[in-house]
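The values are calculated or read from the model by the stated rules, or taken from the named source; none is laboratory data. Since we're looking at a predicted model, the values are computed, not measured. Note: ideal-geometry Cβ built from the backbone for every residue, glycine included; neighbour counts use all protein chains shown. Surface areas here come from the heavy atoms of the whole protein model, side chains and all, with no ligands, DNA or RNA. Shrake-Rupley method; radii C 1.70, N 1.55, O 1.52, S 1.80 Å.
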Amino acid sequence: MKKLVSLLLAMVFALSLCACSGAPSGASPGVSGGEPSKGSKDGYDLTMWLFQDWTVGTAAEIFNTWADEYVAQHPEVKSITFVGKPDTEIVSGFMAGGSLPDMFAIQFLNAKRIVESANILNLKSYYDTAPDAYKNALNADAMKDLSTNPEGTLWGLPFTANCQILYRNLTVLEACGIDTSVRPATIDELMAQFETVKQNGYDALPNLTASDWVTSAFVCGNPDLQVGWENGATTITAGALEPGYEILKQVGPYSAAYTFLDQAATDAFTQNKLAFTVHGPFLNPNLEAAAGANSEFRYDAIPMPSQVEGGPYSASYGNEWLGVVDSGDEGRNAAAAGFLMYITDTEQIKTFCREMGRPVMNNAAMDEIASDPAAPWLLGVCNEIVNNCVNQAVPFRCDIMWETGCADSMFGLWDGSITDVKAAAEQSIQAINENA
């Protein structure tokens, strides 16, 4: 695979030289090469904004290794510096303008605001020079989102993914007489287990309404729910929301007083008082540590079942993507784009997937690592979910996740303050469309 990366960069290096030496305006710029910026005698000093947790621990080691490798292969690049920021600060930094980085990581749900606030480099001409093996490895759905708004653009490259996961306390469920070797096939079967748990004196699940994304898991598993954007409006219909909204009315009474984000929820789950919780993959390290310290605490994680047997999982996946700020310097842009293509290639990104235990938007890397018995076990679950659920956002078309537009309705149905499902669904569609 390193041979593939070298071929990719060598091919576009020649194109970059042509672009920098007076090629016609329609010529494709390269991914590598170019002259250093004015005022720099030694090469480009590139900067990249990353999510804060990617600049510490194992993630920091991985990114720094990639930077060292890339700098060693590219004399036109002097250094690559990573700056960790909370995602909210990354967004506010772009919206405020001022000094921006050469490269950045951002969530798909913030794509529209980023592209509207800054001069983001169109990577299509760089991507077009890449070998087919590189292109074919990248997740097709994520690439469609990044490259069709409008057609002819490619605002970035997909990197990582996340999804809602149903964590099960096996100790509690088995104490309730539930066969944990068989997954519930539908939401109805899962709710029957909620009832059994409640009858046995345990908490079934925490209150999920601290997050519209997590709460929406109960809405997502409808085959008729089509997340998209056409003619200035969401493709989601009120009718597609209604079955999930009916479910929320039934699920709410099974929830405990504490929310899933409270330490009380984690404590209840790890102390065998809580049967289920819904969370992202980032909860798992805490649960693994607790299981290691207490042999009586046993748990696993499965996809949230569909509303109908064999249908999509009741989950939505979110993505993070990487982009380049257009500096106006052909060579600098090429060096930055080249680094992003380097770290999203299969050979590099599978290291992040394996070491961080995070799903990635490179299918070749994800499939290889998820099928490896030595890989983190949760990756296989995440891979299964991401490949059979809806997207959480319509990037570049809407300023919010569709779930956020549904928040007031979902939370009201959960706590009983709203009872009219049809009206709640119609209000949700209106809220989504108002944020175009």
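Considering Glu355, Glu330, the condition of being modelled with pLDDT of 95 or more and either open to solvent by 10 Å² or more (accessible area, probe 1.4 Å) or within 23 Å of Ser125 (Cα to Cα) (or both) is satisfied by Glu330 alone.
A single entry from Asn122, Asn149, Asn162, Asn200 fulfils the requirement of being in contact with a Gly (Cβ under 9 Å, 6 or more places away or on another chain), open to solvent by less than 70 Å² (accessible area, probe 1.4 Å) and farther than 23 Å from Pro281 by Cβ: Asn122.
Taken over the range 236-266, the criterion of being open to solvent by 40 Å² or more (accessible area, probe 1.4 Å) and either polar (S, T, N, Q) or part of a helix (DSSP H, G or I) (or both) is satisfied by Thr237, Gly239, Glu242, Pro243, Glu246, Lys249, Gln250, Pro253, Tyr254, Gln263, Ala264. Restrict the check to the range 387-403 and report whether at least one residue is among the polar types (S, T, N, Q), in contact with a strand residue (DSSP E or B) (Cβ under 8 Å, 6 or more places away or on another chain) and in a loop (DSSP other than H, G, I, E, B). Yes, because at least one residue in the range 387-403 is among the polar types (S, T, N, Q), in contact with a strand residue (DSSP E or B) (Cβ under 8 Å, 6 or more places away or on another chain) and in a loop (DSSP other than H, G, I, E, B).
Conditions (1) free of Cβ contacts under 8 Å to residues at least 24 places away in the same chain; (2) surrounded by fewer than 21 Cβ atoms within 10 Å (Cβ to Cβ), marked per residue:
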| residue | (1), (2) |
| --- | --- |
| Ala268 | no, no |
| Pro281 | no, no |
| Gln307 | no, no |
| Gly323 | no, no |
| Val360 | no, no |
| Ala364 | no, yes |
| Ala374 | yes, yes |
| Leu379 | no, no |
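Residues that are assigned to a loop (DSSP other than H, G, I, E, B) and either open to solvent by less than 30 Å² (accessible area, probe 1.4 Å) or out of contact with any strand residue (DSSP E or B) (no Cβ under 7 Å at 6 or more places or on another chain) (or both) were ranked within the range 217-228; the one that is farthest from Ala268 (Cα to Cα) is Gly228. Restricting to the range 183-216, name every residue that is at pLDDT 95 or above, out of contact with any helix residue (DSSP H, G or I) (no Cβ under 8 Å at 6 or more places or on another chain) and not in a strand (DSSP E or B). Once the filter is applied, which keeps residues that are at pLDDT 95 or above, out of contact with any helix residue (DSSP H, G or I) (no Cβ under 8 Å at 6 or more places or on another chain) and not in a strand (DSSP E or B), the range 183-216 yields Arg183, Ala185, Asp188, Glu189, Leu190, Ala192, Thr196, Gln199, Gly201.
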